[in-house]
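The values are calculated or read from the model by the stated rules, or taken from the named source; none is laboratory data. The shown structure was predicted, so the numbers you read here are calculated from the model rather than taken from an experiment. Heads up, the Cβs are rebuilt from the backbone with ideal geometry, glycines too, and the neighbour counts pull from every protein chain shown. Accessible surface is based on the protein model in full, side chains and every heavy atom, while ligands, DNA and RNA are left aside. Shrake-Rupley method; radii C 1.70, N 1.55, O 1.52, S 1.80 Å.
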Amino acid sequence: MGSDSVGGVDRRGLLGWGGLAAAGVVAAGAPLVGAQPGRADSAPTGPIPSDARPGGAYDRYVAKLAADGKFSGVVLLSHRGRTVLSRSYGMADEENGIRNGENIAFSLSSAGKPFHAVAILQLAQQGKLQLSDTVGTYLKGYAKDIAEKVTIHHMLTGTSGMRTPDEDVQRIFQSQKEVHEFYERWARKATLEAPPGTSSSHSGAEVAIPAQIVEAVTGTTYWDYVQENIFKRCGMTGSGFYTRPQWLTDKHIAHPYMRLADGSLVDAVRNLDKDSPDPFVLGKNPGRAFIDAPGDGGFATAPDLVRFARALGDGTVLDRHYAELLTGPKIPLAPEGGGLARRAGLAAPADAGFGAYQMPVSLVGGQWVWARAGANPGVGANWTIYPDTGWVGVILTNRDGAPLWEIIEQETQAVTARS
């Protein structure tokens, strides 16, 4: 499954649920070296904080990171459906001279996990399943206690109490069928390490099993279901569950540049035999996957993630009450250390934090913030929705070394600042 790690700190905890993180330092006055603008930054109207505008503190901060070789990718800020700031830096594919831009799809890693929560809620909305249904209602081959006691709600909130064996991160898959069969077998090895309702130890089964339930109910693959019922409905024309051959040949997909133990950077897709030194991902190379595991990952462009965020609020993918159910606070996150608090990456700026369905939600300065992040070697992604003010922020990077948690913090400070 997609890892939740970013180079250098306890990233598994920091990014596992997305959200806010430790404070960064604004690089005031940094020139926009190497920036590739997206759509023209026309003069915005309305309550736009100066820090979020072109040339503002956030723009300068990311530009400084890029100038220092610490960021390659895309950042985008949208306010009520209108692009306020769009910047692209670095190369999507160095070998072929393709630059990053708004038209480039980036690997999402764990930032794609909420798609399976949306899929489940669509089926609940249609009366095809209930969130109180247990694993055994739809699937066979699971341990008796899991089949009878673990519910869909438990899995979506990360409270199943399940533990999943470590993945075989050295394996190189050769087909979609092989990926599908592997994760079905892997999820069935899950065991209960605590009573359902207890926070789980980053259990991959909580991602794999809901995807299997989607398949059992609909009779189609998880990948096809999400493509048709989420990506297509939202107008996410640049998004998909791309295969490794597509990753290698499609000029609109960013390649992940992974740092090795000797400090060099390599294209993780073109160098399947290379391992990341990051102990939190056990040397996982994202290029080894033929396609992302059902329930996880996917690829998206920055504008497509804005479209997804907008669609959550206008009834495109979920009726209002089910959209509220997706993002509604379910589990309080502890204010200090431990468990879900570390997983959410919540730090001082958050007034309160909660686990929702496959994402954290938090109160920052008196307003709600919904977010999801994910990372693998050479991959970093985060999308944040600020529903009270109509802002959406997207951060996508394809090179190790980006301080993703700090960029998220700077984005939040920019869009929540006073004009």
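Checked against (1) open to solvent by 20 Å² or more (accessible area, probe 1.4 Å); (2) closer than 30 Å to K70 by Cβ; (3) hydrophobic (A, V, I, L, M, F, W, C), F182 meets all criteria but (2). Scoring S175 on the criteria (1) within 23 Å of the chain's Cα centre (by Cα); (2) closer than 19 Å to G295 by Cα; (3) small (G, A, S) leaves a single failure, condition (1). Against the list (1) open to solvent by less than 30 Å² (accessible area, probe 1.4 Å); (2) small (G, A, S); (3) part of a loop (DSSP other than H, G, I, E, B), the condition A147 fails is (3).
Within the stretch 188-202, the set of residues being open to solvent by 70 Å² or more (accessible area, probe 1.4 Å), part of a loop (DSSP other than H, G, I, E, B) and among the polar types (S, T, N, Q) comprises just one member, S201. Suppose the filter is touching a residue at least 40 places away in the same chain (Cβ under 8 Å), over 30 Å from L156 (Cα atoms) and among the basic types (K, R); does R80 pass it? Here the answer is no, as R80 does not meet what is asked.
Among the residues of the stretch 111-142, count how many are under 30 Å from L248 (Cβ atoms) and in a helix (DSSP H, G or I). Outline the logic, then answer.
Residues of the stretch 111-142 under 30 Å from L248 (Cβ atoms): 111-116, 118-119.
Filter once more, so that each one left must be in a helix (DSSP H, G or I): 111-112, 114-116, 118-119.
Here the count works out to 7.
Once the stretch 161-187 is narrowed to residues that are under 22 Å from L131 (Cβ atoms) and part of a loop (DSSP other than H, G, I, E, B), the residue that is modelled with the highest pLDDT is G161. For the stretch 150-171, the set of residues classified as open to solvent by less than 60 Å² (accessible area, probe 1.4 Å) and of a type outside the set (S, T, Y) consists of V150, I152, H154, M155, L156, G158, G161, M162, P165, E167, V169, listed by residue number. A single member of A124, A147 is in contact with a Leu (Cβ under 9 Å, 6 or more places away or on another chain) and free of Cβ contacts under 8 Å to residues at least 40 places away in the same chain, and it is A147. Of the residues making up the stretch 320-344, those that are open to solvent by 80 Å² or more (accessible area, probe 1.4 Å) and either at pLDDT 95 or above or at positive phi (or both) are R320, H321, E324. Residues that are farther than 22 Å from G240 by Cβ, assigned to a strand (DSSP E or B) and out of contact with any Phe, Trp or Tyr (no Cβ under 9 Å at 6 or more places or on another chain) within the stretch 73-110 comprise R82, T83, R87, listed in sequence order. If the condition is being in a strand (DSSP E or B), farther than 17 Å from A254 by Cβ and among the small types (G, A, S), then the stretch 355-396 contributes G355, S362, A371, G393.
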